[in-house]
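Read through the structure below, which is laid out as structure tokens, and then see the notes.
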Amino acid sequence: MPVPIRRLVVALTLSCALIAGGTACTSGANAKGARVAIPAAATATPSTPAGTPTPSASGKTPSPSATAQKQKLAKTRFVANAGLAAGATYQWIYKPWKAGKFKKGANGRKFTLIKAGLAGAFAYNRLKAALKNAQGDPTLSKAVAPLAAGVESLKDLPAKLRKGDSTDAVANTFNDIINQVKGAGKSAGAEVKNQVPSGSQLTGG
């Protein structure tokens with residue numbers, strides 16, 4: 001028996017509705033379960049711009065002010081040690097030598113030579129310390145580097161002073177090295193002035 005046209009139209013309409021609904025659900029499920037792609041630029045670790053200081057292991061970046069402070073401290077220590085060496089040399093080696101107190105027959109010669117020997121050992125030790133201090137400042141280190149051999153040559157001279165041996169040559173050598181150290185310091189902005197050490201400093205080296 002032929003199916004009425006109205007029933008056929010209703011059946012076709014219902015089928016289309018079911019098909020359309022199924023497609024919509026499927027599309028919704030796919031949309032719900034799909035992963036949203038995130039642009040790589042959003043998840044990438046930002047690169048460090050060129051020229052940016054790299055933090056140290058402690059997490060702190062060395063600052064220019066810290067470097068300047070370190071160099072200033074190096075100069076201060078250099079000036080202090082070189083000044084003590086210069087003061088000891090002038091007070092107990094150069095001045096008595098110029099006054100003729102190292103000559104045989106001079107009054108109090110033996111005691112003067114012993115004091116000069118102590119001053120020579122003290123000056124040598126302070127100059128060695130000053131050269132080490134200078135390493136903390138590039139300009140100062142470069143200025144005093146050529147004097148290392150001259151300072152080292154003073155090591156055995158205090159013994160000669162104590163014995164009264166070649167006192168003229170020894171006194172001149174100490175005076176020359178001190179003047180060279182002063183000149184190098186001044187050229188690097190670290191002017192050295194004589195600082196006479198106390199008796200306890202002298203005996204303590």
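Among (1) surrounded by fewer than 18 Cβ atoms within 10 Å (Cβ to Cβ); (2) on the phi < 0 side of the Ramachandran plot; (3) under 34 Å from the mean Cα position of the chain (by Cα), where does residue 177 come up short?
It fails just one condition, (1).
Scan (1) surrounded by fewer than 17 Cβ atoms within 10 Å (Cβ to Cβ); (2) more than 30 Å from residue 111 (Cα to Cα) for the single condition residue 140 breaks and write down its number.
Answer for residue 140: the failing condition is (1).
For residue 190, work out the one condition from (1) in a helix (DSSP H, G or I); (2) in contact with a Leu (Cβ under 8 Å, 6 or more places away or on another chain) it doesn't fulfil.
The single condition residue 190 does not satisfy is (1).
When you check residue 109 against the structure, is it of a type in the set (D, E, K, R), over 30 Å from residue 70 (Cβ atoms) and touching a residue at least 24 places away in the same chain (Cβ under 8 Å), yes or no?
Yes: the conditions hold for residue 109.
Residues checked against (1) aromatic (Phe, Trp, Tyr); (2) modelled with pLDDT of 95 or more; (3) within 12 Å of residue 171 (Cβ to Cβ):
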position: 79; (1), (2), (3): no, yes, no
position: 82; (1), (2), (3): no, yes, no
position: 88; (1), (2), (3): no, yes, no
position: 102; (1), (2), (3): yes, yes, yes
position: 120; (1), (2), (3): no, yes, yes
position: 126; (1), (2), (3): no, yes, no
position: 131; (1), (2), (3): no, yes, no
position: 140; (1), (2), (3): no, yes, no
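In the list 107, 133, 125, which residue meets the criterion of being under 17 Å from residue 203 (Cα atoms) and of a type in the set (S, T, N, Q)?
The unique qualifying residue is 125.
Could you list all residues from region 149-172 that are open to solvent by 50 Å² or more (accessible area, probe 1.4 Å) and either under 21 Å from residue 136 (Cβ atoms) or part of a helix (DSSP H, G or I) (or both)?
149, 152, 160, 162, 163, 168, 169, 172
So, in region 94-130, of the ones that are surrounded by fewer than 21 Cβ atoms within 10 Å (Cβ to Cβ) and within 26 Å of residue 188 (Cβ to Cβ), which residue ends up nearest to the chain's Cα centre (by Cα)?
Among them, the one singled out is 129.
The values are calculated or read from the model by the stated rules, or taken from the named source; none is laboratory data. Just so you know, these numbers come straight off a predicted model, no measurement behind them. Neighbour counts are summed over all protein chains in view; Cβ atoms, including those assigned to glycine, are modelled from backbone coordinates with ideal geometry. When the accessible area is computed, the model is the full protein with side chains, heavy atoms only, and any ligands, DNA or RNA have been set aside. Shrake-Rupley method; radii C 1.70, N 1.55, O 1.52, S 1.80 Å.
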